[in-house]
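Taken together, the values in this text are just the output of simple stated rules run on the coordinates, not laboratory data. Everything quoted here is computed from the prediction, not taken from an experiment. Virtual Cβ from ideal backbone geometry, glycine too; neighbours counted across all protein chains shown.
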Amino acid sequence: MSIDETTAARVAKLARIKVEPDALPALALEFNTILGFIEQLNEVDVDGVEPMTSVTPQVLKRRDDVVRDGGQQAKVLANAPDAREGFFAVPKVVE
Amino acid sequence: MTDLNKLGLADARDALRKGDVSSVELTNACLSEIEGAGALNAFVHHTADLAADQAKVADARIKAGDAPAMCGLPIGIKDLFCTKGVPSQAGSRILQGFLPEYESTVSQNLFDAGAVMLGKLNMDEFAMGSSNETSVYGNAVNPWRRAGDDAPLTPGGSSGGSAAAVAADLCLAATGTDTGGSIRQPAAFTGTVGIKPTYGRCSRWGVVAFASSLDQAGPMTKTVRDAAIMLGAMAGYDAKDSTSADLAVPDFEAALTGDIRGKKIGIPREYHMDGMPEEIEKLWQDGIAMMRDAGAEIVDISLPHTKYALPAYYVIAPAEASSNLARYDGVRYGHRAKLDQGDGITEMYEKTRAQGFGPEVQRRVMVGTYVLSAGFYDAYYNRARKVRTLIKKDFEDAFAAGVDSILTPATPSAAFGLGEMTDADPVAMYLNDVFTVTVNLAGLPGIALPTGTSSKGLPLGLQLIGRPWEEADLLSTAYALEKAAGFVAKPDKWW
């Protein structure tokens with residue numbers, strides 16, 4: 001499996017990371033190096049093996065269905081680059 | 001008492017309790033040492049005022065006869081831990097200016113145990129790196145140098161600042177985190193002790209997430225005893241982390257008997273890597289002899305899937321990272337790119353993340369995005385998770401056959417020069433974690449400790465791997481190896 005510049009551009013788009021067109025060839029090359037390394041996994045016989053979901057066997061605990069905290073609007077917004085009137089502010093998303 | 005900063009946790013604790021020294025004195029000794037150690041670039045956010053306050057409170061507690069495990073002991077905290085009101089950037093530009101409104105469980109546990117925080121420690125960006133060279137703060141520098149050579153060396157990564165600070169006696173101990181070897185590799189590169197506990201032993205709540213199924217916090221210290229003390233203070237069940245284990249934390253220090261007579265120590269044949277330097281092989285053989293002399297039974301074991309651990313890791317860790325790091329969107333915290341006329345929300349995300357993430361983080365987020373994308377999920381991600389099951393089974397089989405712990409090298413080399421790997425491809429850097437990454441994939445406890453020096457006079461470390469939840473036994477075995485190795489070298493002060 002080899003990654004070309006179009007695929008590299010698509011992955012960058014999916015990851016929401018702006019990559020300038022002139023940086024795409026080098027990026028594709030790096031992907032191919034890393035994926036080439038990962039390809040070794042194809043040598044392993046994984047027939048009938050369960051994919052790991054939890055490294056330590058455990059049952060997730062349930063908590064009581066009650067309100068535990070809240071009313072922390074000021075704290076939630078404290079680190080926002082742009083917060084107005086109790087909301088996070090972003091560029092216009094609806095025309 | 002002179003050179004208080006050079007004390008370890010146990011010695012300082014005993015001196016505090018005897019009244020020979022105060023926490024204020026210990027803390028001041030460390031603060032002045034930090035001030036003179038700018039060249040190491042270990043401490044990146046200084047909290048001298050907080051430390052002074054905490055030290056005074058600790059002295060009062062000691063006087064009142066209420067001195068918990070870490071009372072009055074000055075430590076450094078890796079920048080990955082959220083500390084309330086103190087910059088917590090995970091070594092990244094994207095979290096510039098972020099001041100957490102809450103305290104991570106591990107740092108809170110340490111504060112509850114009386115610890116004093118001197119500041120935040122340098123690290124690779126989002127803990128992605130093995131040399132501390134991906135940090136937005138610049139490189140942390142190893143206090144050790146090759147004999148007769150002034151070239152600056154890496155302290156390892158990602159917990160490079162923690163390792164450098166402990167090795168240079170800027171603090172008594174430090175917190176680290178370990179996703180693929182980020183505690184144990186820097187410990188080995190700096191002649192210090194680092195333990196990654198069993199997955200679930202320390203709460204991940206408030207620790208900036210890299211790969212959630214692999215991340216674990218642990219102590220970085222000057223001795224095995226100190227590691228036992230500090231791990232006890234960091235660990236414990238936390239309802240805020242759903243993967244936190246609801247198990248009692250044993251008294252790790254009390255378990256340090258150093259008696260390993262009759263213990264079965266496994267030596268995995270697959271860890272004899274092609275091209276491994278002779279001095280690493282010799283270090284390992286010397287360690288085996290020490291364990292045998294201390295009464296342990298040495299057995300050859302096989303961990304057949306070892307070779308596939310790194311490739312599996314470089315699917316699973318980036319996949320989880322791409323998901324975890326999706327939260328850095330320029331909306332809720334940290335950096336937001338300056339936008340051009342007409343830019344919408346997509347441009348805001350893309351520019352923010354391109355400016356905020358460094359090259360290695362971008363690379364891993366994109367690799368993770370790729371292996372999780374439609375059409376590749378089964379071929380890469382699911383296959384890697386199946387291989388992970390097999391890697392864990394390798395260890396389970398060894399333990400089922402009666403092995404108590406496993407002895408391996410910690411790293412394939414001594415510390416390398418800063419900048420030396422710049423031109424190498426990313427995979428060459430990944431190979432640093434070849435001996436440590438299996439342990440994260442299997443969720444096991446692993447400890448690195450110094451047992452020898454390289455031909456250039458640099459520290460070299462061995463790793464011991466234990467059964468799940470048996471850190472007490474693992475630490476005691478490490479204690480025996482520490483005594484046998486008698487490693488006492490310290491770096492010459494040049495900074």
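Which whole-angstrom value gives the distance between the alpha carbon centres of segment B:317-375 and segment B:37-69?
37 Å
Less than 15 Å apart at the alpha-carbon level, and either on another chain or at least 8 residues along: which aspartates and glutamates does that give for A:K75?
Within the straight-line cut-off, A:K75 pairs with A:E85, B:E101, B:E103.
Enter the angle in degrees (range 0 to 90, nearest 10) between the Cα long axis of helix A:5-14 and the first principal axis of the Cα atoms of chain A, meaning the one along which they spread out most.
20 degrees
Please give me, ordered by residue number, the trypsin sites (Lys or Arg not before Pro) of segment A:17-85 that lie in loop per DSSP and have at most 16 other Cβ atoms within 10 Å.
Answer in residue order: A:K61, A:R62, A:R63, A:R68.
At R0 = 30 Å, how high is the FRET efficiency between B:N382 and A:R10 if r is their beta carbon distance? Nearest 0.05 is fine.
With R0 = 30 Å, the Cβ-Cβ based efficiency is 0.90.
Nearest 0.05, what FRET efficiency do B:D53 and A:N32 give at R0 = 45 Å with Cβ-Cβ as r?
Values: r = 53 Å, r/R0 = 1.18.
That gives a FRET efficiency of 0.25.
Taking the Cβ of each residue in B:F416, B:F126, B:F357 as the centre, tally the other Cβ atoms inside 10 Å and list the residues starting with the fewest.
Ranking B:F416, B:F126, B:F357 by Cβ neighbours within 10 Å, fewest first, gives B:F416, B:F357, B:F126.
Going down the table (A:K18/A:K92; B:K307/B:K386; B:K63/B:K483; B:K282/B:K456; B:K78/B:K196), which pairs top 25 Å between alpha carbons?
Beyond 25 Å: B:K63/B:K483.
Quick one: B:F189, A:F88, fewest Cβ neighbours within 10 Å first, how do they rank?
A:F88, B:F189
For n ≥ 4 DSSP H runs only, could you compute -39500 (n - 2.57) per run for chain B, divide by its residues and tell me the 222 nm figure to the nearest 500? Numbers along the way, then the final one.
Numbers: 15 runs with 175 residues, N = 495.
Here the helix-only value at 222 nm equals -11000 deg cm²/dmol.
Relative to the compact globular guide of 2.2 N^0.38 Å, what is the alpha carbon radius of gyration of chain B, as a ratio?
In units of the 2.2 N^0.38 Å rule of thumb, it is 0.92.
Using only the Cα atoms of chain A, construct the convex hull and provide its projected area averaged over every direction, in square nanometres to one decimal.
13.2 nm²
For segment B:60-112, what does the alpha-carbon gyration tensor say about shape, rounded, prolate or oblate, given a ≥ b ≥ c as the root eigenvalues, a/c under 1.5 as rounded, and a/b over b/c as prolate?
The shape class here is prolate.
Please give me the summed charge of the neighbours of B:S373: other residues whose Cβ is under 14 Å from its Cβ, Lys and Arg +1, Asp and Glu -1.
Local charge sum for B:S373: +2.
Below 8 Å between Cα atoms, with a sequence gap of 6+, how large is the relative contact order for chain B in percent?
Contact order relative to length: 18 percent.
Within segment B:441-455, which residues have the backbone N less than 12 Å from the label spot 7 Å out from B:D286 along Cα→beta-carbon, could you tell me?
Counting only backbone N, you get B:450-455.
Within the set of other residues whose C-beta is less than 14 Å from the C-beta of B:E350, count the net charge using Lys and Arg as +1 and Asp and Glu as -1.
Net local charge, B:E350 excluded: +3.
Sort B:H45, B:H335 by Cβ crowding within 10 Å, fewest neighbours at the top.
B:H45, B:H335
Within segment B:112-217, list the trypsin sites (Lys or Arg not before Pro) lying in a DSSP loop whose Cβ has at most 13 other Cβ atoms in a 10 Å radius.
Passing sites in segment B:112-217 do not exist.
Run through segment B:334-376 and list the trypsin sites (Lys or Arg not before Pro) located in a DSSP loop whose Cβ has at most 11 other Cβ atoms within 10 Å.
B:K338
Roughly how far apart, in whole Å, are the Cα centres of segment B:428-458 and segment B:137-193?
13 Å
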